[in-house]
Amino acid sequence: MSPIMHRKSTPELWRLGVSTRMNISALNGAQALCVFEQRCLAGTGAPPHWHEVEEVLSVVSGTMMVQVGDVEHILSAEESAVIPARVIHGFRNIGSGELHVQAILAAPFFEAWASPGNEKSVRWRPSGEL
């Protein structure tokens, strides 16, 4: 085991107002989970999508509205939502400052679909891996 220096990972701009920093994934040795952070400006977040695996969204700071299926929840710092596998969900920063979220997926890479039948988005999977 080698320490992983999160601060050395460069954030990626996923969409306007949302930066993402991968902390743990298959790229640095994870076998069964992926841990990343997102920082979202006011009014931004993640549009509706789903994963084949369970996900945990934890608010580090700020306030977000998370929609899981047809139900909306408001979460603040030190609160989390467990998102079941294959359930459409999304979130949005409803505060005036930055929203800082930590996400954990039960897979060593990020894989998501915007809706059933759509092409998937894949990140942090080693090249050549199916």
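The values are calculated or read from the model by the stated rules, or taken from the named source; none is laboratory data. Treat the numbers as computed from the prediction; the structure is a model and nothing was measured. Cβ atoms come from the backbone with ideal geometry, glycine included; neighbour counts cover every protein chain shown. Calculation scope for accessible area: heavy atoms of the full protein, side chains included, ligands and nucleic acids excluded. Shrake-Rupley method; radii C 1.70, N 1.55, O 1.52, S 1.80 Å.
Going through Gly43, Gly17, Gly29 one at a time, which residue ends up being open to solvent by less than 30 Å² (accessible area, probe 1.4 Å) and over 14 Å from the mean Cα position of the chain (by Cα)?
Gly17
Does Gln102 fit the bill of being at pLDDT 95 or above, within 11 Å of the chain's Cα centre (by Cα) and not aliphatic (A, V, I, L, M)?
When the stated conditions are applied, Gln102 passes them.
What is the residue count in the stretch 41-55 for residues that are charged (D, E, K, R) and at pLDDT below 95?
1
I'd like the full set of residues that are of a type in the set (S, T, N, Q) and either part of a loop (DSSP other than H, G, I, E, B) or over 22 Å from Glu79 (Cβ atoms) (or both), limited to the stretch 1-48.
Ser2, Ser9, Thr10, Ser25, Asn28, Gln31, Thr44
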